[in-house]
Amino acid sequence: DGFEEYLLTRCVFNSTDPKNITYIRSYYYDKMEYIRFDSSVGKHVGYTEYGVKNAERWNSGPEVVQERAEKERYCVNNVGLDYQAALTKS
């Protein structure tokens with residue numbers, strides 16, 4: 001009974017080497033992903049008409065520079081802890 005907007009931020013990795021870490025931030029509305037930033041692509045990509053319009057705007061503004069910096073802050077600085085925790089449990 002209503003709509004929900006949310007975002008999901010994640011780090012995809014198979015080692016602690018920064019080259020093997022991908023930062024992804026996905027924006028959803030009513031369970032449909034409409035825009036995504038992927039550090040391996042280096043920009044926002046829209047999946048709906050609304051997402052495409054926002055991706056064009058965000059990629060030409062300071063938002064894209066901020067998102068690119070998030071890989072280092074959010075993933076690279078923390079993935080070592082997650083990687084070690086996964087190894088000790090496997």
(message) The conditions are (1) open to solvent by less than 80 Å² (accessible area, probe 1.4 Å); (2) modelled with pLDDT of 95 or more; (3) of a type outside the set (Lys, Arg), and TYR50 fails exactly one of them. Which is it?
(response) (1)
(request) Exactly one condition in (1) at pLDDT 95 or above; (2) open to solvent by 70 Å² or more (accessible area, probe 1.4 Å) is not met by ASN14; state its number. (result) (1)
(request) Check ILE35, ILE24 and return the single one that is within 15 Å of the chain's Cα centre (by Cα) and either open to solvent by 60 Å² or more (accessible area, probe 1.4 Å) or under 26 Å from TYR83 (Cα atoms) (or both). (result) ILE24
(request) Starting from region 25-39, keep only residues that are at positive phi, then list their pairs with residues that are open to solvent by 40 Å² or more (accessible area, probe 1.4 Å) whose Cβ atoms are within a distance under 6 Å, requiring at least 6 positions of separation or different chains. (result) ASP30/PHE3
(message) Need the failing condition index for VAL79 against (1) at pLDDT below 95; (2) in contact with a strand residue (DSSP E or B) (Cβ under 8 Å, 6 or more places away or on another chain); (3) surrounded by fewer than 17 Cβ atoms within 10 Å (Cβ to Cβ), just the number.
(response) (3)
(request) Kindly indicate the residue of region 53-76 that is of a type in the set (S, T, N, Q) and open to solvent by 70 Å² or more (accessible area, probe 1.4 Å) and also farthest from ASN20 (Cα to Cα) among those meeting that condition. (result) SER60
(request) Could you give me the residue pairs with C-beta distances under 9 Å whose first residue belongs to region 1-21 and is touching a residue at least 24 places away in the same chain (Cβ under 8 Å), whose second residue is of a type in the set (D, E, K, R) and surrounded by fewer than 11 Cβ atoms within 10 Å (Cβ to Cβ) wherever it lies, and which are 6+ apart or on separate chains? (result) PHE3/ASP30; GLU4/ASP30; GLU4/LYS31; GLU5/ASP30
(request) Scan region 48-55 and give yes if some residue there is farther than 20 Å from CYS75 by Cα, in contact with a His (Cβ under 9 Å, 6 or more places away or on another chain) and small (Gly, Ala, Ser), otherwise no. (result) yes
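The values are calculated or read from the model by the stated rules, or taken from the named source; none is laboratory data. Because the structure is predicted, anything quoted here is derived from the model rather than measured. Cβ coordinates were reconstructed from backbone atoms using ideal geometry, including for glycine residues, and neighbour counts include every protein chain displayed. All accessible areas refer to the heavy atoms of the entire protein, side chains included, with ligands and DNA or RNA removed. Shrake-Rupley method; radii C 1.70, N 1.55, O 1.52, S 1.80 Å.
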